[in-house]
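These notes are about the structure you will find just below.
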Amino acid sequence: MAKVDPIPVVMVTQAGQLLALGPNTALLRLPANSGHGHADGQHCVACAAHSDVRARLFDMLEEVKRVTRPAFTQVIVDASAVADPTAVVAALTGKLPAQALRDHTVARLFYLADVA
């Protein structure tokens, strides 16, 4: 099995902050909520599925395998709309317990390089 280099993740927490996207950089925007009628920061099951950073990163890996997304060597996570970005940091640094095999995969293949 080929060794895969870990992929750095840069997280943006300030609205309006701009970062340059290189040719091998993927952008992942986390939503505040999906408009289900609850307050920002409140999550129903549907919202949790769209704002779970580990699930979204795993889905991105699967899209690369299916050749529906170009391969990438860096990810910028835009968490500026998230009410509590510390939960995103906790997910990316292993402070949240793994919920599924995908979380272990993400922990092995991604690391939080910077919070901008």
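The values are calculated or read from the model by the stated rules, or taken from the named source; none is laboratory data. The model shown is predicted, which means the values in this text are computed figures rather than measured ones. Cβ atoms come from the backbone with ideal geometry, glycine included; neighbour counts cover every protein chain shown. We work out accessible area using only protein heavy atoms, side chains counted, and drop any ligands, DNA or RNA first. Shrake-Rupley method; radii C 1.70, N 1.55, O 1.52, S 1.80 Å.
Only a single criterion out of (1) touching a helix residue (DSSP H, G or I) at 6+ places or on another chain (Cβ under 6 Å); (2) closer than 22 Å to L19 by Cα is not satisfied by L96, namely (2).
The residues of segment 86-106 that are part of a helix (DSSP H, G or I) and either of a type in the set (S, T, Y) or touching a residue at least 40 places away in the same chain (Cβ under 8 Å) (or both), listed by number, are T86, V88, V89, L92, R102, D103, T105, V106. Residues considered: V77, V67. Of these, the only one that is at pLDDT 85 or above, on the phi > 0 side of the Ramachandran plot and not in a helix (DSSP H, G or I) is V67. Of all the criteria given as (1) modelled with pLDDT of 90 or more; (2) touching a helix residue (DSSP H, G or I) at 6+ places or on another chain (Cβ under 8 Å); (3) open to solvent by 60 Å² or more (accessible area, probe 1.4 Å), the one not satisfied by L57 is (3). When A55, A83 are checked against the criterion of being in a helix (DSSP H, G or I) and in contact (Cβ under 8 Å) with a residue 24 or more places away in the chain, A55 stands alone in meeting it.
This table checks each residue for (1) surrounded by fewer than 17 Cβ atoms within 10 Å (Cβ to Cβ); (2) modelled with pLDDT under 85; (3) among the aromatic types (F, W, Y).
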position: L21; (1), (2), (3): yes, yes, no
position: R29; (1), (2), (3): yes, no, no
position: V53; (1), (2), (3): no, no, no
position: Q99; (1), (2), (3): yes, yes, no
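Screening V82 on (1) farther than 18 Å from V12 by Cβ; (2) open to solvent by less than 50 Å² (accessible area, probe 1.4 Å); (3) modelled with pLDDT of 80 or more shows it passes everything except condition (1).
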